[in-house]
Every structure is written in structure tokens, then in C-alpha cells.
Amino acid sequence: MTNEANVDNPSEISEECWRQILSPIEYHVLREAGTERPGTGELLDEDRLGWYFCRACGNRLFKSGAKFDSGCGWPSFFEAEEGSTTEIVDYSHGMIRTEVRCAKCNSHLGHVFPDAPHTPTGNRYCMNSVSLRFEPDEA
């Protein structure tokens, strides 16, 4: 069974259905804006060529060429695919941050920070591994 909703309009999926589709940690991160522990994500050290997709709905989010090692403990990218994400101000935990959500299903992916001056965009999209699915390019 895939942990990905296969519907034309994921905004119509109820939270109860999301709970059945996603594992408990996936639900916590994607639907409740949780965060996985740093350094624990399965995609942190992924270095193959390919694409990163939303774990919940399959929306294509990041190309592997935009990934870089930021040392923060989560997979980091300097840009998202155009139109694939939305950003909202996040005032949680006594901070002001920019939350990144999937533009297709509104699932929480992580946060973006303007603290990567060595990248082409200067941005660090700090993503939870559990919010992503990686598909390597075919050889």
C-alpha cells in the first residue's frame, strides 16, 4: 500500500481519511505541522539524482540538484519547483518563521530560511524527510 492519496482533489480528503492513509509520524508532521527529530530522517543523506515528492499527495516539490548539505539535520534545498509550495508566516514556539506547505494538499513540509548565501537563491528549504518521497532518476 502506498502512503499517498490518489485523488484529483486532495483538499476534499477528510482528516479521518488522512489518518488512515498516513502513518502516525507522517500524519503528525504533514497534517499537524509537527517536526521530526534532526538527524533522523531517511532522506537526509540521499544523494542520488531524482525528484522529491509530497509524501501525502505525490506533488513534485524539489529536484535533487537543488539539495545541499546545510548541516541543520534535515534535508535542505535552495529552491522548490515553481508553484509546488505555498509559504505562510508561522508564529509558533515563540518564533517568527516561514512555513512551507504543499500547494496541492496543504500538508506541512517544513520551513524556509533566508540563511544560505552560498546557494543560488540564498534560501534554505529545511524539510522533514517524513514529508517527502524520493524517486531516483532511471539509469
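For the stretch 70-88, does any single residue satisfy the condition of being of a type outside the set (S, T, N, Q), part of a loop (DSSP other than H, G, I, E, B), within 22 Å of Trp18 (Cα to Cα) and touching a helix residue (DSSP H, G or I) at 6+ places or on another chain (Cβ under 9 Å)?
no
Considering only residues that are assigned to a loop (DSSP other than H, G, I, E, B) and either charged (D, E, K, R) or touching a Gly at 6+ places or on another chain (Cβ under 7 Å) (or both), look in the stretch 96-133 and name the one that is surrounded by the most Cβ atoms within 10 Å (Cβ to Cβ).
Asn128
Out of Glu26, Glu36, Glu46, I need the residue that is modelled with pLDDT of 95 or more, part of a helix (DSSP H, G or I) and under 24 Å from Ser64 (Cα atoms). Which one?
The match here is Glu26.
Table: residues versus (1) touching a Pro at 6+ places or on another chain (Cβ under 6 Å); (2) farther than 15 Å from Leu132 by Cβ; (3) without any contact (Cβ under 8 Å) to a residue 40 or more places away in the chain.
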position	(1), (2), (3)
Pro24	no, yes, yes
Val29	no, no, no
Gly58	no, no, no
Ser84	no, no, yes
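The values are calculated or read from the model by the stated rules, or taken from the named source; none is laboratory data. As the structure is a prediction and not an experimental result, all values here were calculated from the model. Cβ atoms come from the backbone with ideal geometry, glycine included; neighbour counts cover every protein chain shown.
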